[in-house]
Amino acid sequence: MNQPLTPSYRPLYQQIKDALLSRIVAGEWPPGTFIPSESALAKEYGVSVGTLRKALDALASEHVVIRHQGKGTVVATHDSDRSLFQFFHLVHLDGTRSLPISRVLARDCRAASRDEAEALGIEEGEAVVHIRRVRDLDEAPALLEDLVVAAERFPALEQEPATLPNTLYQLYQQRFGQSVAKAEERLFAVTASPTEEEVLKVAPGTPLLEIRRIARDLQGQALEYRVSRCETQRHCYLNEL
């Protein structure tokens with residue numbers, strides 16, 4: 001039985017949105033499945049169809065669900081196309097996009113550093129899975145990425161098959177039941193280190209773009225901390241507002 005909604009200063013549609021989100025997080029409606037119709041849910045919660053529709057629109061704006069006119073509302077999945085266009089912002093200087101190809105350089109389970117622990121909301125020294133990979137665009141190295149996730153949420157990720165999929169968010173969802181709903185990024189200008197010079201095949205002292213990303217789950221908890229160093233002679237970061 002669903003818990004009745006309690007009075008709150010928050011708008012009613014926000015309360016409905018939170019109730020629906022809780023059911024999605026609990027796995028009642030897995031990714032890729034349609035949820036009940038607007039009229040059925042409105043009747044279940046005792047609200048107007050307009051209020052229910054506003055709650056679903058709010059979930060859609062956060063990429064939790066996808067609205068299909070005339071068909072219904074489906075819980076979003078992380079397919080390769082969605083992850084590429086929603087979360088990958090490096091493009092050619094003329095704005096055109098290429099599909100990145102990933103090559104894993106290293107992966108292991110180790111203790112979290114202070115920065116990693118702070119980003120993930122865990123204790124320093126807790127176990128994390130670390131993956132380092134290079135991402136090629138048009139057969140040339142463009143990004144060097146280091147990403148970490150809490151080992152408790154991704155057990156034995158470091159032991160997955162040798163070839164990890166290009167779209168890790170899809171793997172997180174399908175293999176571990178962890179869905180990335182949104183991400184926040186901070187950009188910095190840095191100088192290439194010797195390792196980055198070798199991997200990205202750039203000259204000493206080449207300026208790079210560093211992107212520090214925290215990816216969050218449906219409840220807003222940190223799921224992944226990723227630091228990417230990007231070559232900027234042939235590529236740029238594009239954010240369409």
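Tabulated data for the structure shown
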| item | result |
| --- | --- |
| Residue count, the stretch 21-40 (criterion: open to solvent by less than 30 Å² (accessible area, probe 1.4 Å) and touching a residue at least 24 places away in the same chain (Cβ under 8 Å)) | 4 |
| Single match in ARG216, ARG226 (criterion: under 15 Å from the mean Cα position of the chain (by Cα), open to solvent by 50 Å² or more (accessible area, probe 1.4 Å) and touching a residue at least 12 places away in the same chain (Cβ under 8 Å)) | ARG216 |
| Qualifying residue in the stretch 175-182 (condition: surrounded by fewer than 18 Cβ atoms within 10 Å (Cβ to Cβ), part of a strand (DSSP E or B) and at pLDDT 95 or above) | no |
| Among residues of the stretch 23-42, those that are at pLDDT 85 or above and of a type in the set (Ser, Thr, Tyr), counted | 2 |
| Enumeration of residues in the stretch 62-86 that are within 18 Å of ARG213 (Cα to Cα) and either modelled with pLDDT of 75 or more or out of contact with any Phe, Trp or Tyr (no Cβ under 7 Å at 6 or more places or on another chain) (or both) | GLU62, HIS63, ARG82, LEU84, PHE85, GLN86 |
| Complete set of residues in the stretch 99-110 that are exposed (fewer than 15 other Cβ atoms within 10 Å of the Cβ), within 21 Å of LEU209 (Cβ to Cβ) and not basic (Lys, Arg) | LEU99, ILE101, LEU105 |
| Total residues in the stretch 151-173, condition surrounded by fewer than 21 Cβ atoms within 10 Å (Cβ to Cβ), in contact (Cβ under 8 Å) with a residue 40 or more places away in the chain, of a type outside the set (A, V, I, L, M, F, W, C) and within 21 Å of ALA26 (Cα to Cα) | 2 |
| Counted residues, the stretch 191-228 - those being in a loop (DSSP other than H, G, I, E, B) and not aliphatic (A, V, I, L, M) | 9 |
| Every residue from the stretch 111-127 that is out of contact with any Asp or Glu (no Cβ under 6 Å at 6 or more places or on another chain) and open to solvent by less than 20 Å² (accessible area, probe 1.4 Å) | ALA119, LEU120 |
| Subset of the stretch 215-233 that is of a type in the set (D, E, K, R) and farther than 18 Å from SER102 by Cα - its residue that is modelled with the lowest pLDDT | ASP217 |
| Total residues in the stretch 139-150, condition within 18 Å of the chain's Cα centre (by Cα) and open to solvent by 20 Å² or more (accessible area, probe 1.4 Å) | 1 |
| Residue in the stretch 187-198 that is without any contact (Cβ under 8 Å) to a residue 24 or more places away in the chain and touching a Cys at 6+ places or on another chain (Cβ under 9 Å) present | no |
| Filtered residues of the stretch 46-72 (kept if of a type in the set (Val, Ile, Thr), outside any loop (DSSP other than H, G, I, E, B) and more than 13 Å from GLN14 (Cβ to Cβ)) | VAL49, VAL65, ILE66 |
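The values are calculated or read from the model by the stated rules, or taken from the named source; none is laboratory data. Fair warning: this is a prediction, and the values are worked out from it, not measured in the lab. No Cβ is skipped: glycine too gets one built from the backbone with ideal geometry, and neighbour counts run over all protein chains shown. Accessible surface areas use protein heavy atoms only, side chains included; no ligands, DNA or RNA. Shrake-Rupley method; radii C 1.70, N 1.55, O 1.52, S 1.80 Å.
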